[in-house]
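Worksheet for the structure shown next.
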Amino acid sequence: MLATERHSKILANVNKEKTVTVAELSKLLDVSEVTIRKDLIKLEQEGLLSRVHGGASIANFLPVERSFTEKQAERMEEKARIARQAFRHVQPGDTLILGAGTTTMELAKLLGEVAGLTVVTNAVNVAMELNSHGVHHVILIGGEMRAKSFALVGAVAEDNLKKLSVYKCFIGADGIHEQDGFSTLSLAESNVNRVMMERSRKVYVLADHTKFGESHFSSFADLSDVDRIITDRLDKQTQASFLDLGVKIEVAQA
């Protein structure tokens, strides 16, 4: 199928459904998700549609940050698998940073199985989950709380983080792009993520497959800045593209 024909079918589908996912278009047109993402970038540049998290929508739609509760209900099984895979990298006595997010929350739920952890977090709900285990030293960094994500951000949060050093950092991302690196929809959270990474010896990004190929408002790291990405699944073309850039990708076991 020629690119022009593919683009026409993508636009027809978007106009009919209002919002479509990369996976749906890939299956419909029998091409890879990488090809679909490239098509969506071109069509967005032409003003014919808007790329959104994991897909595309009609052109007058702009990405809107959703609340923790809204995101928590999506891809629950995939997030749990990613968290279980990330848990394999946690050892007794570790010092950790956990960023805000639904997948890091899934990891926090598992950490009760390991004693003697010191865990720093900027997420109020993650801190409460960790504290409920009763076996960790939990440090909530302070700062201004964002209502949508329960994340603590701002100068106080960043300054407090700069006084600490940990071994491993587990954070999420709204977008993972070959050129733009890791990004979020929030500038404030992006700034805190950057400091978290700077204060950690090893950095793991936890992100499901829909985040790949996406680029959002604020970039907080280059691909080379992290030790590995842990995801639920990835098509061979996308995985090969990132591996060619020297990015270590770990796919969660079913």
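The values are calculated or read from the model by the stated rules, or taken from the named source; none is laboratory data. Worth saying up front: this structure is predicted, and the values here are computed from it rather than measured. Counting neighbours? That spans all protein chains shown, and the Cβs are built from the backbone with ideal geometry, glycine included. To get the accessible areas, we keep the full protein, side chains included, count just its heavy atoms, and leave off ligands, DNA and RNA. Shrake-Rupley method; radii C 1.70, N 1.55, O 1.52, S 1.80 Å.
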- Could you check the stretch 160-254 for strands (runs of 3 or more DSSP E) lying wholly inside it with 2 or more residues that are in contact with a Gly (Cβ under 8 Å, 6 or more places away or on another chain) and among the charged types (D, E, K, R)? none
- Considering each of 83, 100 in turn, give the residue that is open to solvent by less than 40 Å² (accessible area, probe 1.4 Å), in a loop (DSSP other than H, G, I, E, B) and in contact with a Lys or Arg (Cβ under 9 Å, 6 or more places away or on another chain). 100
- Within the bounds of the stretch 63-77, is there any residue that is touching a strand residue (DSSP E or B) at 6+ places or on another chain (Cβ under 9 Å), within 23 Å of residue 125 (Cβ to Cβ), assigned to a loop (DSSP other than H, G, I, E, B) and open to solvent by 90 Å² or more (accessible area, probe 1.4 Å)? yes
- Item | Boolean, residue 189 is touching a residue at least 12 places away in the same chain (Cβ under 8 Å), within 22 Å of residue 215 (Cβ to Cβ) and not aromatic (Phe, Trp, Tyr) | yes
- Note on the structure: Checked pairs for the stretch 10-21, first without any contact (Cβ under 8 Å) to a residue 24 or more places away in the chain, second among the hydrophobic types (A, V, I, L, M, F, W, C) and surrounded by fewer than 16 Cβ atoms within 10 Å (Cβ to Cβ), C-beta under 7 Å and 6 or more apart or across chains, list as 13/28
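Conditions (1) open to solvent by less than 20 Å² (accessible area, probe 1.4 Å); (2) under 11 Å from residue 181 (Cβ atoms); (3) at pLDDT 95 or above, marked per residue:
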| site | (1), (2), (3) |
| --- | --- |
| 195 | yes, no, yes |
| 199 | no, no, yes |
| 203 | yes, no, yes |
| 206 | yes, no, yes |
| 213 | yes, no, no |
| 220 | yes, yes, yes |
| 228 | no, no, yes |
| 231 | yes, no, yes |
- Note on the structure: Across the stretch 145-156, the tally of residues that are surrounded by fewer than 24 Cβ atoms within 10 Å (Cβ to Cβ) and outside any strand (DSSP E or B) stands at 7
- Message: I need a count of the residues in the stretch 216-238 that are over 18 Å from residue 54 (Cβ atoms) and of a type in the set (Phe, Trp, Tyr).
- Response: 1
- Query: So residue 103 fits all but one of (1) free of Cβ contacts under 8 Å to residues at least 60 places away in the same chain; (2) in contact with a helix residue (DSSP H, G or I) (Cβ under 9 Å, 6 or more places away or on another chain); what number is the exception?
  - Reply: (1)
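Just checking, how many residues over the stretch 78-100 are without any contact (Cβ under 8 Å) to a residue 40 or more places away in the chain and more than 13 Å from residue 207 (Cα to Cα)?
Of the residues in the stretch 78-100, 5 are without any contact (Cβ under 8 Å) to a residue 40 or more places away in the chain and more than 13 Å from residue 207 (Cα to Cα).
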- Task: Would you check which residues across the stretch 184-193 are farther than 24 Å from residue 75 by Cα and open to solvent by less than 40 Å² (accessible area, probe 1.4 Å) and list them?
- Result: 188, 192
